[in-house]
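Novice: Sharing a structure here in structure tokens format.
The values are calculated or read from the model by the stated rules, or taken from the named source; none is laboratory data. As the structure is a computational prediction, the values presented were derived from the model and not from experiment. Positions of Cβ are backbone-derived with ideal geometry, glycine not excepted, and every protein chain shown enters the neighbour counts. With ligands, DNA and RNA removed, areas are computed over all heavy atoms of the protein, side chains included. Shrake-Rupley method; radii C 1.70, N 1.55, O 1.52, S 1.80 Å.
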Amino acid sequence: QVQLVESGGGLVQPGGSLRLSCVASGSIFTINDMGWYRQAPGKQRELVATISSDATTNYRDSVKVRFTISRHNAKNTVYLQMNNLKPEDTAVYYCHAVIIENNGGYLHSRDYWGQGTQVTVSS
């Protein structure tokens, strides 16, 4: 079994910064894509940014330039540096990972989600 645990959310004023972290633990053989999604009240969950195992990144247009996704493969960790935050960035942010698990020598791929961390941008 694998767990994703997020941290780093909170309340910040417009123009401020936050750094989210997500650590994967458990029966991990390797991790393919990792990413961050967010869901605001009354809205669907949307992709924020993704990063592949070879560090290729992808961002939604509204966060390009302001947000940076990165990963530390040896620590099974993905980060999201968020700068110049805006009220419309307010949401619960979820970590996602495509993990290859090793179950007694049998390898299989599975998607995992974190529990979510609240980011609130308000003056």
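Novice: Considering each residue of the range 1-56, count those that are under 18 Å from Thr120 (Cβ atoms) and aromatic (Phe, Trp, Tyr), and give that number.
Specialist: Result for the range 1-56: 2.
Novice: Kindly indicate whether any position in the range 13-27 is open to solvent by 40 Å² or more (accessible area, probe 1.4 Å) and of a type in the set (A, V, I, L, M).
Specialist: Yes, some residue in the range 13-27 is open to solvent by 40 Å² or more (accessible area, probe 1.4 Å) and of a type in the set (A, V, I, L, M).
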